[in-house]
1. Output yes when any residue across region 84-95 is open to solvent by less than 10 Å² (accessible area, probe 1.4 Å) and either under 14 Å from ARG190 (Cβ atoms) or modelled with pLDDT under 90 (or both), and no when none is.
2. Identify, by number, the condition in (1) of a type outside the set (Val, Ile, Thr); (2) open to solvent by 20 Å² or more (accessible area, probe 1.4 Å); (3) closer than 24 Å to MET26 by Cα that GLU144 doesn't meet.
3. Can you tell me which residues in region 29-48 are part of a helix (DSSP H, G or I) and open to solvent by less than 80 Å² (accessible area, probe 1.4 Å)?
4. Just one of MET26, MET22 is open to solvent by 90 Å² or more (accessible area, probe 1.4 Å), of a type in the set (A, V, I, L, M) and outside any loop (DSSP other than H, G, I, E, B); which is it?
5. If I ask for residues that are more than 20 Å from VAL68 (Cα to Cα) and open to solvent by 90 Å² or more (accessible area, probe 1.4 Å), which ones from region 154-183 would you list?
6. Can you run down the residue pairs with Cβ atoms below 6 Å, 6 or more apart or on separate chains, where the first is in region 117-135 and over 19 Å from GLY29 (Cα atoms) and the partner is open to solvent by 40 Å² or more (accessible area, probe 1.4 Å)?
7. Determine, yes or no, whether LEU122 is surrounded by 14 or more Cβ atoms within 10 Å (Cβ to Cβ), within 30 Å of ASN32 (Cα to Cα) and either over 19 Å from the mean Cα position of the chain (by Cα) or not acidic (Asp, Glu) (or both).
8. Could you check, for region 199-209, whether at least one of its residues is surrounded by 15 or more Cβ atoms within 10 Å (Cβ to Cβ) and in contact with a Pro (Cβ under 8 Å, 6 or more places away or on another chain)?
Amino acid sequence: MGEGLRERKKRETRERIADIAMGLFMAKGFDNVTVAEVARAADVSVNTVFNYFSTKEDLFADRQHLAVDHPVRVLREREPGESVVRAFRRDVLHAIDTQDWRYGFNLGTDVFARIVDASPALVARMREVHEQREKVLTRALADELGADSDDLRPRLVAAHILTTARLLTDYSVSRRLAGEEWESIEPDLRAQAEKAFDLLEPGLGDYGRRR
């Protein structure tokens, strides 16, 4: 069943509030913007904002569910004969090729990073998002592979893969923050990604290889 009119209007209202909030955060900094300012700019009440977002941090991270869910999608969509680490290697390299948002390789990630780094509340929130991504991927790995509750391998695999992806993101963002253009970053980032996954593959090997 498709999205109904009521659901569509609620989604559009939520997206409009979040987009307006992000514009204010970019202009003034996260800690310098109040929820009341966001409500005024969006022409809604403060209560309406809180109906859609439990906290101000939720306004900034309104699409965090996409970042949390993506690793599970990579796991579930791996190709026949493809191990878990090989699936993520392919996905990361494709994201580099396309400058995709899912690993922070898109244009504007330096702006996003500056806003986060300037706010202790957002630094803590992003840490929570990373931890949630790892927990969700660990659970998906354990469920799919039938791991026992005391089997640490799903958690180890999730931690190693997602930490590798995060470090590649940090590498890319740090160079963007230094003023470099993507054309100079991309070949080095690709080389770093290849080296990183070369290190992972011997240890993780065929873990989770799809038959």
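1. Of all residues in region 84-95, those open to solvent by less than 10 Å² (accessible area, probe 1.4 Å) come to 84-85, 87-88, 92, 95.
Filter once more, so that each one left must be either under 14 Å from ARG190 (Cβ atoms) or modelled with pLDDT under 90 (or both): 92, 95.
For region 84-95, residues open to solvent by less than 10 Å² (accessible area, probe 1.4 Å) and either under 14 Å from ARG190 (Cβ atoms) or modelled with pLDDT under 90 (or both): present.
2. With (1) of a type outside the set (Val, Ile, Thr); (2) open to solvent by 20 Å² or more (accessible area, probe 1.4 Å); (3) closer than 24 Å to MET26 by Cα applied to GLU144, the lone miss is (3).
3. First, pick out the residues of region 29-48 that are part of a helix (DSSP H, G or I): 30-32, 35-42, 46-48.
Answer for region 29-48, where residues must be part of a helix (DSSP H, G or I) and open to solvent by less than 80 Å² (accessible area, probe 1.4 Å): PHE30, VAL35, ALA36, GLU37, VAL38, ALA39, ALA41, ALA42, VAL46, THR48.
4. On the way: MET22 fails: open to solvent by 90 Å² or more (accessible area, probe 1.4 Å).
None of the other options fit; the residue is MET26.
5. Residues satisfying the conditions are GLU181, GLU183.
6. So the pair list comes out as VAL129/GLN64.
7. Values: surrounded by 14 or more Cβ atoms within 10 Å (Cβ to Cβ): yes; within 30 Å of ASN32 (Cα to Cα): yes; either over 19 Å from the mean Cα position of the chain (by Cα) or not acidic (Asp, Glu) (or both): yes.
Yes: the conditions hold for LEU122.
8. Checking region 199-209: not a single residue is surrounded by 15 or more Cβ atoms within 10 Å (Cβ to Cβ) and in contact with a Pro (Cβ under 8 Å, 6 or more places away or on another chain).
The values are calculated or read from the model by the stated rules, or taken from the named source; none is laboratory data. Note that the structure is predicted; figures quoted are calculated from it, not measured. Here Cβ is always computed from backbone atoms with ideal geometry, including for glycine, and neighbour counts include all displayed protein chains. Only protein heavy atoms, including side chains, enter the accessible area calculation; ligands, DNA and RNA are left aside. Shrake-Rupley method; radii C 1.70, N 1.55, O 1.52, S 1.80 Å.
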